[in-house]
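Below is one structure, written out as structure tokens; the observations come after it.
The values are calculated or read from the model by the stated rules, or taken from the named source; none is laboratory data. Computed from a predicted structure; not experimentally measured. Glycine also receives a Cβ, built like all others from the backbone with ideal geometry; neighbour counts cover every protein chain displayed. We work out accessible area using only protein heavy atoms, side chains counted, and drop any ligands, DNA or RNA first. Shrake-Rupley method; radii C 1.70, N 1.55, O 1.52, S 1.80 Å.
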Amino acid sequence: MNITNTKQLKESLRSGAYAWPGGYPLYFITSDCASLSFDAVRENFRSVIWSIRHKVNDGWRVVGLDINWEDHSLFCDHSGMQIESAY
């Protein structure tokens, strides 16, 4: 899913870290192709919102949301924590 504005980001956060139906784990993608966990986006919410509003490519501009299907080596680029895999 593409995220082009702050409303879409807020809706994604409210929906939770798992896709419905299926319960697959989700993660955010930034404009510089970094992966961010839901916790990292929540903790840095102001920076993410600012970057989206001003279209700044500073590492915080979230542009997408995706399911981590099978990548067991996917880690959050901010926290270093592993992002759960669906399989």
Cut-off 13 Å between beta-carbons: net charge of the residues surrounding SER51, Lys and Arg +1, Asp and Glu -1
+2
Which label belongs to the value computed from this structure, given these candidates for semi-axes √(5λ) of the Cα gyration tensor in Å: (1) 19, 18, 12; (2) 27, 14, 11; (3) 20, 14, 10?
(3)
The farthest towards the positive end of the charge dipole of the chain, of the residues ILE49, ALA34, LEU13, given +1 on Cβ of Lys and Arg and -1 on Cβ of Asp and Glu, is ILE49
What is the sum of charges, Lys and Arg at +1 and Asp and Glu at -1, for the other residues whose Cβ falls under 14 Å from the Cβ of CYS33?
-4
Could you check the spin-label model distance between HIS72 and ASP58? Points 7 Å from the Cα along Cα→Cβ, value in nm.
3.8 nm
Each label sits 7 Å from Cα toward the beta-carbon; between TYR18 and GLU43 the label points are separated, in nm, by 2.2 nm
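Taking the Cα centre of the chain as the origin, how large is its charge dipole in debye, to the nearest 20, when only Lys and Arg (+1) and Asp and Glu (-1) carry charge on their Cβ atoms? Walk me through the numbers before you get to the answer.
Numbers: 8 positive and 10 negative charges, 118 e Å.
Magnitude of the dipole: close to 560 debye.
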Compute the signed sum of charges (Lys and Arg +1, Asp and Glu -1) over the other residues within less than 14 Å, Cβ to Cβ, of PHE75.
-4
What's the angle, to the nearest 10 degrees (0 to 90), between helix 6-15's Cα axis and the longest principal axis of the chain?
30 degrees
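Using the heavy atoms of the protein chains alone and a 1.4 angstrom probe, what is the accessible area of the chain per residue in square angstrom? It would help to have the intermediate numbers written out before the result.
Values: 5400 Å² over 87 residues.
That works out to 62 Å² per residue.
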Cα centroid separation, segment 17-39 to segment 41-65 (Å):
14 Å
To the nearest 10 square angstrom, how much accessible area does ARG42 have with a 1.4 angstrom probe?
110 Å²
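Hey, any idea what % of the chain's accessible area is carbon plus sulfur with a 1.4 Å probe? Each step should come with its number before you reach the end.
Working: 2710 of 5400 Å².
After summing per-atom areas, the C and S share lands at 50 percent.
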For the chain, take the longest principal axis of its alpha carbons; what is the angle in degrees between that and the long axis of helix 45-54, to the nearest 10 within 0 to 90?
60 degrees
